[in-house]
1. Considering only residues that are over 29 Å from residue 219 (Cα atoms), touching a residue at least 40 places away in the same chain (Cβ under 8 Å) and not aliphatic (A, V, I, L, M), which ones fall in segment 122-180?
2. Could you tell me which residue of segment 113-141 is nearest to residue 282 (Cα to Cα), considering only residues that are touching a Lys or Arg at 6+ places or on another chain (Cβ under 9 Å), within 16 Å of the ligand (Cβ to nearest atom) and assigned to a helix (DSSP H, G or I)?
3. Going through segment 180-204 one residue at a time, which ones are farther than 19 Å from residue 150 by Cα and away from the ligand (no atom under 16 Å from the Cβ)?
4. Condition check: within 16 Å of the ligand (Cβ to nearest atom) and at pLDDT 95 or above. Does residue 144 satisfy that?
5. Taking segment 112-131 only, how many residues are surrounded by 22 or more Cβ atoms within 10 Å (Cβ to Cβ) and either touching a helix residue (DSSP H, G or I) at 6+ places or on another chain (Cβ under 6 Å) or among the hydroxyl-bearing types (Ser, Thr, Tyr) (or both)?
6. Just for segment 326-362: of the residues that are touching a Cys at 6+ places or on another chain (Cβ under 9 Å) and outside any helix (DSSP H, G or I), which one is surrounded by the most Cβ atoms within 10 Å (Cβ to Cβ)?
7. Select from segment 422-472 the residues that are of a type in the set (S, T, N, Q) and within 26 Å of the chain's Cα centre (by Cα) and list them in ascending order.
8. Which members of segment 179-217 meet the condition of being farther than 20 Å from residue 391 by Cβ, within 20 Å of the chain's Cα centre (by Cα) and small (Gly, Ala, Ser)?
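The values are calculated or read from the model by the stated rules, or taken from the named source; none is laboratory data. All of these numbers come straight from a predicted model, not from anything done at the bench. Counting neighbours? That spans all protein chains shown, and the Cβs are built from the backbone with ideal geometry, glycine included.
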Amino acid sequence: MTPDEFRKHAHELVEWMAGYMENVENYPVKSSVVPGEIFRKIPDNPPAHSEPFNSLMKDFNEIIMPGISHWQNPNFFAYFPANTSPPSILSEMLIATLGSQCMIWETSPAAAELEEKMMIWLRKMIGLPSGFEGAIQDTASTATLAALLTAREKASNFLINNEGAEHAGTLKVYCSDQTHSSVEKAVKICGIGRENLVKISVKEDFSMDPEKLKEAIINDKKRRHIPCCVVATIGTTGTTAVDPLRAIGEICRENDIWLHVDAAMAGTALILPEFQWMLDGREYIDSFVFNPHKWMFTNFDCTAYFVKDAGALIKTFEVLPEYLKTRTRGKVNDYRDWGVPLGRRFRGLKLWSVIRSYGTEGLRDKIRYHIRIAGQLSKMISKETDFEILAPVIVSLVCFRYIPAGYNEDQINALNEKLNHQLNDSGKLYLSHTVLNGKYTLRMVTAQTNVTLEHVEKAWELIKKTARSLHS
Ligand SMILES: *Cc1c(COP(=O)(O)O)cnc(C)c1O
């Protein structure tokens, strides 16, 4: 493709992109293709000769688009959002064009220094203490793996990195039974082992019970096991429950245990002064992760990972082959030492673009609005006697179910599952579910970039109507 051809196609693409953003509401939110449908439409062998870009676009529109679920549709209420925004998309275009590898300072000084400054901006915005430093990771899962590896090394005095796991003894990691599966994955692959992940039971509000945590730690110490890390969550995936950081932190401090905080979704709400209570006990935190790529209008991938002791993180990850020795080493941040991958995208630019375009007050307005409409939704649900709310509404997630009279628990579970599928199959909205105390629970997240109260009201009407027609 020549530069002139590129220019022509790029202009056409921008038209496509703007049109998509204007029309995204008209696409079915959840794709309804069946397994294998897309795969079968793509040739079994790659083309031997050049094809025009237009034929790619034709297939993109005809084959690919029907198999896309539209996360940027404001009627996307499932999981947690993966928000984009125009300033984020524009900066992604620049990032793709530069194609920089931002593994060390020297390979693009601007990327390293902008990333360093953006992490300072974010730290101030969410209210972490000034000693914290951070790096952008691809995902919260990777950041949590980095945290567990660092905790593991601290607990073993950096012996495992050097000599292998035989020196470890039995390390133990603690989290609540509502914690995201990324913790279990990290415990598996960092060599601590799934059997050494202790799931602490939760209170009625689905937050970790610190008394139960304390008991578990005492028991493990009696058996000469080594408590290594506690993962507390600000905003669990199931219900956005907030674990009590101060109580958990005190236990960690007493027992010399690493405290990692997973705030992947709800961390964005910390930019609001009225949500700073979630971070009470912040002085006990060793590492902290949140995802601007969820609720802060920044394209995936962009995970902010903060540590109190950057030295311990770097000591865990650094290796120094000859080809990476530079004259600036030690004077600048070489972010390849701050996590698993060597190669890194220029992700700081997205944050710069988003934060400057909205301004911190603009971001606060949007987040507040999302939280307000979740509150309004929960009021609408509470008014109906054949629906119930199943968890406290903390930020922008409402957990509820349909409970018509005359049905037993099993039937109600089956009915709600059917309701969820029927709603999603309609293409008009997309909900996901969880199970809370044995109850099939619908989750509705009001945090998509462009969601409004009107979308939520319309969705709620459809939910009521669909539910009540299920058994009539
Ligand atoms: C989404 C989520 C994760 C995983 O995030 P990735 O960036 O996709 O790895 C981890 N923890 C919580 C609480 C989440 O909501």
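1. Across segment 122-180, the qualifying residues are 123, 127, 129, 131, 132, 133, 134, 137, 138, 139, 142.
2. 140
3. Hits for segment 180-204 are 195, 201, 203, 204.
4. When the stated conditions are applied, residue 144 passes them.
5. Total satisfying the criteria: 4.
6. So the residue we want is 347.
7. Within segment 422-472, the subset of a type in the set (S, T, N, Q) is 422, 424, 426, 432, 434, 437, 441, 446, 448-450, 452, 466, 469, 472.
Listed by number, the residues that qualify are 424, 432, 434, 437, 441, 446, 448, 449, 450, 452.
8. Hits for segment 179-217 are 182, 186.
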